[in-house]
Amino acid sequence: MKDSPPPSPDVPSYDFVVIGGGSAGYSAARTASSLGLKTAVIEGGREVGGLCILRGCMPSKTLIESSNRFVTLRRASEFGLRAENIRVVGPEILARKRRVVGEFADHRREQLEHGRFDFIRGLAHFVGEHRLAVVPLQERQDLSAPPPEIEARTFLIATGSKVAEIPVPGLKETGYLTSDDVLEMEDIPKAVVVLGAGAIGLEAAHYYAGLGTEVTLLQRGDHILRDADEDVAGALQQALDRQGVRIRCATHLERVETDPDGKKRVWFECGATLHSAAAQEIVFALGRRPCTDSLDVNRAGVELTKKGGVRVGPDQRSSRRHIFAAGDVCGPYEIVHIAIQQAELAARNAARHLGQLDGPPENIDLRLKLFVLFTEPQVAMVGLTEHEARQIGRDCVAATYPFADHGKSIVMGETDGFVKLLADRASGEIVGGAVVGPEAAELIHEITVAMAFRATARQLAVVPHYHPTLSEIWTYPAEELAGLG
């Protein structure tokens with residue numbers, strides 16, 4: 001390696017140091033150590049586990065599972081059953097969430113402390129191109145002494161993201177819940193106003209609506225779920241409307257204030273008219289931003305984006321060739337499996353940079369990018385959307401099929417939504433898929449596998465599917481695209 005200085009004898013030195021012990025950080029460290037790199041992970045959080053385990057995927061889906069079960073109980077009479085005297089017990093929902101998350105966090109802590117690499121608890125920041133200062137989490141006795149330092153030949157920044165602060169007049173003074181706060185609420189409010197209709201906002205809206213809370217959802221864009229095609233977002237919005245969620249799109253937030261009765265009121269403009277919505281609580285779900293504020297990356301020569309994320313190339317390198325980044329801190333997607341892909345790739349590229357692995361650097365392949373939304377109905381997508389295909393000039397053809405005309409979904413009483421396939425017009429290769437409907441999170445993986453092997457619509461259409469199953473619904477749009485319908 002050409003740009004690595006000789007190690008200092010009085011400072012611990014590593015081949016690869018990871019800043020952040022979440023899913024990306026752990027995966028990178030595991031990969032690097034398996035390739036023979038002397039590796040360390042530095043975790044600055046009071047709790048160990050990372051965003052996905054502590055405040056993201058696992059706790060939110062645990063709460064949503066309680067909401068889903070309550071919805072099922074409320075629908076019992078549709079199936080000739082009686083479920084009486086059912087009620088929501090908020091403290092018990094929260095206790096289950098804490099127990100489940102605690103088990104996941106304990107397992108992650110065990111993985112980090114396994115001994116394959118060093119695990120250091122402290123807040124790290126760059127003091128040079130190859131050196132970090134690490135402030136221990138516990139209070140140091142001599143506060144005048146400088147924090148200990150470590151050196152590394154390569155680094156991975158995997159510090160994740162935090163709730164973005166978007167100024168709305170009166171919001172801070174009135175008070176609001178972040179997604180982190182929702183995960184710790186024992187009391188279920190009678191009414192909420194959710195600001196934002198991306199993944200976080202929509203899942204929060206579903207969680208509360210499923211438990212019987214009145215929900216108003218305010219979205220800045222023209223439709224909910226901005227990155228989805230309009231037909232996909234529209235199907236979800238129709239379903240949420242029927243469930244009683246009040247949705248207003250194309251809004252501009254004006255101000256927030258407290259009513260005389262203590263309710264929190266949001267004033268917003270929609271269609272050149274001023275409206276308001278009041279509730280016990282406001283849920284702020286207008287996005288997250290990268291955690292780079294305390295890293296002093298400028299001292300290492302690392303460039304940041306306008307949003308404060310680490311600017312990386314497809315090989316996950318930053319502007320400094322020996323410093324990599326993965327996950328929410330660099331994007332472009334805040335999705336844990338993509339963060340893990342990026343992190344493992346970065347570790348391999350670091351090994352190549354150090355001469356420990358042969359071959360040219362790898363580039364991230366997002367052809368099979370997945371997205372899942374755990375609402376009711378669920379939404380899942382893989383590959384290209386129609387909108388993305390048009391943007392890149394790819395000539396594609398799409399076909400859909402509704403759950404309302406599908407045997408198994410009718411039996412289940414889950415008829416909202418549809419499946420959608422997108423194929424290259426010339427070759428017939430499947431390049432995208434989407435589901436709005438029952439078990440969308442599971443169904444999408446059939447298309448992911450098909451795309452992984454670059455299957456055509458015709459090849460998918462002739463694969464046997466058991467009847468009646470949800471999965472067989474894919475054969476209908478496949479047949480249409482293949483001209484077999």
| query | What is the helix-to-structure angle for 199-210, meaning the angle in degrees between its Cα long axis and the longest Cα principal axis of the chain, kept from 0 to 90 and rounded to the nearest 10? | reply | 50
| said: I need the calculated FRET efficiency for the pair ALA95 and VAL127, taking r as the beta carbon distance and R₀ as 30 Å, to the nearest 0.05. | reply: 0.10
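Relative contact order for region 377-482: what percent, with Cα pairs under 8 Å and sequence separation of 6 or more? Provide the component values of the computation, followed by the final result.
Values: 215 pairs, mean separation 32.7, N = 106.
Once divided by the residue count of region 377-482, the mean separation gives 31 percent.
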| said: Using alpha carbons only, how many angstrom separate the centre of region 216-283 from the centre of region 44-86? | reply: 23
| task | If a/c stays under 1.5 just call it rounded; otherwise compare a/b with b/c (prolate if a/b is bigger, oblate if not). Do that for region 211-358, with a ≥ b ≥ c from the square roots of the Cα gyration tensor eigenvalues. | result | prolate
| field | Average projected area [Cα convex hull, region 392-446], square nanometres | value | 4.3
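Can you give the translational diffusion coefficient of region 79-151 in µm²/s, computed by Stokes-Einstein from the Kirkwood radius over Cα pairs at 4 °C and 1.567 mPa s? Mind showing how you got there, number by number?
Details: Rh = 17.0 Å.
For the chosen part, D equals 76 µm²/s.
Taking the Cα centre of region 377-482 as origin, sum charge times position over the Cβ atoms of Lys and Arg (+1) and Asp and Glu (-1), and report the length of that vector in debye to the nearest 20. Walk me through the numbers on the way to the answer.
Values: 7 positive and 14 negative charges, 55 e Å.
The dipole of region 377-482 has a size of about 260 debye.
In nm, what is the difference between 0.36 nm times the number of residues separating ARG255 and THR415 and their Cα-Cα distance? Walk me through the numbers before you get to the answer.
Values: separation 160, 0.36 × 160 = 57.60 nm, distance 3.88 nm.
Extra length available between ARG255 and THR415 comes to 53.7 nm.
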| query | Under a 5 Å amide H to amide H cut-off, with H placed in plane at 1.01 Å, what residues pair with ALA455 once short-range neighbours are removed? | reply | ILE430
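Just round it to a whole percent: the fraction of Cα-Cα distances in region 271-346 exceeding 16 Å. All intermediate terms of the calculation are to be shown ahead of the outcome.
Working: 1658 of 2850 pairs.
Distances greater than 16 Å cover 58 percent of the Cα pairs.
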| query | For PHE119, which sequence-distant residues (separation of 5 or more, or a different chain) have an amide H within less than 5 Å of its own amide H, given hydrogens modelled in the peptide plane? | reply | VAL41
| Summed side-chain charge close to VAL48 - residues other than VAL48 whose Cβ falls under 11 Å, Lys, Arg +1, Asp, Glu -1 | -1
| field | Cα-derived Rg over Rh, computed across region 171-286 with Rh taken as Kirkwood radius | value | 0.94
| query | So how compact is region 99-194: Cα radius of gyration and Dmax in angstrom? | reply | 19.5, 54
| task | Please give, to one decimal in nm, the separation of the simple spin-label points placed at GLN238 and LEU368, each 7 Å out from Cα toward the Cβ. | result | 3.2
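According to the Kirkwood expression over distinct Cα-Cα pairs, how big is the hydrodynamic radius of region 185-241, in Å?
On the way: mean 1/r = 0.0854 Å⁻¹.
About 11.7 Å for region 185-241.
How big is the charge dipole of the chain about its Cα centre, in debye rounded to the nearest 20, if each Lys and Arg gets +1 on its Cβ and each Asp and Glu gets -1 on its Cβ? Please report the intermediate quantities before stating the final value.
Details: 54 positive and 65 negative charges, 106 e Å.
Charge dipole, the chain, about its Cα centre: 500 debye, nearest 20.
Just to verify a number: FRET efficiency for ASN298 and GLU388, C-beta to C-beta distance, R0 = 51 Å, to 0.05? It would help to have the intermediate numbers written out before the result.
Values: r = 34 Å, r/R0 = 0.67.
E between ASN298 and GLU388, to the nearest 0.05, is 0.90.
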| note | Rounded to the nearest 5, the percent of DSSP beta bridges in the chain running antiparallel is 65
| query | Under a Cβ-Cβ cut-off of 14 Å, what is the net charge of the residues other than TYR14 that fall near it, where Lys and Arg count +1 and Asp and Glu count -1? | reply | 0
| request: Describe numerically, in nm with one decimal, the distance between label points set 7 Å from Cα along Cα→Cβ at ASP10 and at SER34. | output: 3.9
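Rank by packing, highest mean first: peptides 315-324, 452-461, 391-400, with packing defined as the count of other Cβ atoms within 10 Å averaged across residues.
315-324, 452-461, 391-400
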| message | If amide hydrogens are placed 1.01 Å from N in the peptide plane, which non-local residues have theirs closer than 5 Å to the one on ALA325? | response | ILE157, SER318
| remark: Here the cysteines of the chain lacking a cysteine partner under 4.7 Å (Cβ to Cβ) are CYS249, CYS270, CYS291, CYS330, CYS396
| Given a cut-off of under 8 Å on Cα pairs at least six residues apart, what relative contact order in percent is computed for the chain? | 14
| said: Looking only at region 171-286, where both bridge partners belong to it, what percent of the DSSP beta bridges are antiparallel (to the nearest 5)? | reply: 50
| query | Kirkwood-based Rg over Rh for region 377-482 (C-alpha set), two decimals? | reply | 0.95
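Compute, for region 171-286, the length of the dipole vector about the Cα centre, with Cβ point charges of +1 (Lys, Arg) and -1 (Asp, Glu) only. Units Debye, rounded to 20.
On the way: 11 positive and 20 negative charges, 65 e Å.
The calculated dipole for region 171-286 is roughly 320 debye.
Kirkwood Rh, the chain, all Cα pairs: how many Å? Display every interim value, and only then the final one.
Values: mean 1/r = 0.0407 Å⁻¹.
Computed over the chain, the radius equals 24.6 Å.
All of the numbers you see were taken from the coordinates with simple rules; none came from a lab. Bear in mind the structure is a predicted one, so any value in this text is a computation, not a measurement. When we count neighbours, we look across all protein chains shown, and the Cβ atoms used for this are built from the backbone with ideal geometry, even at glycine.
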